Amino acid sequence: MSGATTLQRVPFVNLARQIERLRPELVAAFEAVLDDRAFIKGPHVAAFEAAFAKALGVPHAVGCANGTAALSLALEAAGIGPGDEVIVPSLTFIATGEAVCHVGATPVFCDIDPDSYTLDPEDLLRRLTPRTRAVVPVHLYGTPADMGAILAIAADHRLVVIEDCAQAHLATYHGRTVGTLGTAGGFSFFPGKNLGALGDAGMVTTSDPDLAESVVKLADHGRLSKYEHDRIGHNQRLDGLQAALLAVKLPHLAEWTERRRRIARYYDARLRPAGIKTIVPPAGADPVHHLYVIEVDDRPAVVARLAASGVETGVHYPIPLHLQPAFRGRHGYERLPNAERAAARVLSLPICGEITVEEAAWVCDRVLDTLHPTGRRGG
Ligand SMILES: *Cc1c(COP(=O)(O)O)cnc(C)c1O
């Protein structure tokens, strides 16, 4: 179907295409911030917070410096601290575990479900101790975690639930947007995320007004007024400039998400019949495909062959958190077999809000040639 193509290379994420399309609006936003000099706090931050809250259908959205800060601010505002254990899935970006350490609590790593790659609720039950105070489900790859089961366990054991939504802007679970299901949600606007700033930025979402107020205060030096501070806080505010740039991009997020869904359906239709393992979301979950992940044997060889044929890939993530040197000594010698197996086998194919079906078809041809050189091309 891609016979007429002249493609030679498909990048993992095509940010250049997005930036070119939005360049005039981004430049205008930058000039607006230069003109009013609302660099810290101010109208650009307030407008983006309001627009993001509206897009999600959540009462409170508080901007902050990045996604890692969003998670640690949410944990701290929810009262999590030293002596508390916080359960975190082992297959995730390091920041999920770091945020727990930043508030002085102890991360307890938990295995994943091998089909959805998100936190396994049965393993969560096994990790509970009298010190467990919170759980941080990660909507990994844009796939909502099994929140029905997780929220039921959290209710039984009075756990705070901080959703790591860094990869899952606008994903829904039984019709509700992630970041509105637990105690609070933490979002990242790192440039490569589904909604990306031109630098670092993040957001905490919650329906709890007191928690939102605490996050505002903690992110801004524990301020009561300009030079009066009643808590030891942080400097983790969202920049006015990043907020203004994000406000330009936010109206396009739904359309980029639709494109990601269309491309993921296309990949599924081409790759699944060839026996390639892909993500199976939990029941009721509508993912936003931050990453399109397959499993392969002998990954280094597959990566090299795809790179030679022009397909850029990624690995998310090669080392699960319980095996990270940084967390050595914080985890026993327990194995987390599903996380370890996934870490050794996962491979992320190109996907982004601006990839075309023609490019996806070209990628599928190369992937099928690489994995099944003797035929079975499908499509
Ligand atoms: C990106 C990411 C974060 C951290 O976000 P930053 O904005 O880079 O600090 C946290 N968790 C997950 C799952 C992420 O992908």
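Residues considered: Val288, Val293. Of these, the only one that is under 30 Å from Asp120 (Cα atoms), open to solvent by less than 50 Å² (accessible area, probe 1.4 Å), touching a helix residue (DSSP H, G or I) at 6+ places or on another chain (Cβ under 6 Å) and in a loop (DSSP other than H, G, I, E, B) is Val288.
For region 39-50, the criterion of being open to solvent by less than 50 Å² (accessible area, probe 1.4 Å) and either within 20 Å of the chain's Cα centre (by Cα) or within 18 Å of Ala168 (Cα to Cα) (or both) is satisfied by at least one residue. Could you say whether any residue in region 241-251 is touching a strand residue (DSSP E or B) at 6+ places or on another chain (Cβ under 7 Å) and open to solvent by less than 20 Å² (accessible area, probe 1.4 Å)? Yes, region 241-251 contains at least one residue that is touching a strand residue (DSSP E or B) at 6+ places or on another chain (Cβ under 7 Å) and open to solvent by less than 20 Å² (accessible area, probe 1.4 Å).
Does Asp369 satisfy being part of a loop (DSSP other than H, G, I, E, B), farther than 24 Å from Arg259 by Cβ and modelled with pLDDT of 95 or more? So Asp369 fails the test. Of the residues making up region 73-92, at least one is farther than 28 Å from Arg335 by Cβ, open to solvent by less than 20 Å² (accessible area, probe 1.4 Å) and assigned to a helix (DSSP H, G or I). Scanning region 14-26 for residues that are assigned to a helix (DSSP H, G or I) and under 27 Å from the mean Cα position of the chain (by Cα) returns Leu15, Ala16, Arg17, Gln18, Ile19, Glu20, Arg21, Leu22, Arg23, Glu25, Leu26. Scanning region 174-220 for residues being in contact with a Phe, Trp or Tyr (Cβ under 7 Å, 6 or more places away or on another chain) and open to solvent by 20 Å² or more (accessible area, probe 1.4 Å) gives a total of 2. Scanning region 304-342 for residues that are of a type outside the set (S, T, N, Q), touching a Leu at 6+ places or on another chain (Cβ under 7 Å) and part of a loop (DSSP other than H, G, I, E, B) turns up Val315, His316, Tyr317, Pro320. Every listed requirement among (1) outside any helix (DSSP H, G or I); (2) within 19 Å of the chain's Cα centre (by Cα); (3) away from the ligand (no atom under 16 Å from the Cβ) is met by His169 save one, (3).
Remark: Val33 falls outside the filter, which requires a residue to be of a type in the set (A, V, I, L, M), under 13 Å from Met203 (Cα atoms) and in contact (Cβ under 8 Å) with a residue 40 or more places away in the chain. In region 123-160, of all residues being within 15 Å of Thr177 (Cβ to Cβ) and either within 16 Å of the ligand (Cβ to nearest atom) or aromatic (Phe, Trp, Tyr) (or both), the one that is farthest from the chain's Cα centre (by Cα) corresponds to Met147. Out of all the residues in region 190-213, which are of a type in the set (Gly, Ala, Ser) and either without any contact (Cβ under 8 Å) to a residue 12 or more places away in the chain or within 16 Å of the ligand (Cβ to nearest atom) (or both)? Matches in region 190-213: Gly192, Gly196, Ala197, Gly199, Ala201, Gly202.
Please determine, by comparing only the residues of region 160-170 that are touching a residue at least 60 places away in the same chain (Cβ under 8 Å) and surrounded by fewer than 24 Cβ atoms within 10 Å (Cβ to Cβ), which one is nearest to Leu75 (Cα to Cα). Within region 160-170, the match that is nearest to Leu75 (Cα to Cα) is Val160. Within region 209-231, if we keep just the residues that are touching a helix residue (DSSP H, G or I) at 6+ places or on another chain (Cβ under 9 Å) and part of a loop (DSSP other than H, G, I, E, B), the residue that is nearest to Ile162 (Cα to Cα) turns out to be Arg231. Within region 51-70, the set of residues being in a loop (DSSP other than H, G, I, E, B) and either under 12 Å from Ala99 (Cβ atoms) or within 12 Å of the ligand (Cβ to nearest atom) (or both) comprises Ala65, Asn66.
The values are calculated or read from the model by the stated rules, or taken from the named source; none is laboratory data. Worth saying up front: this structure is predicted, and the values here are computed from it rather than measured. Glycine gets a Cβ as well: all are built from the backbone with ideal geometry, and neighbour counts include every protein chain shown. Please note that ligands, DNA and RNA were not included when accessible areas were found on the heavy atoms of the full protein model with its side chains. Shrake-Rupley method; radii C 1.70, N 1.55, O 1.52, S 1.80 Å.
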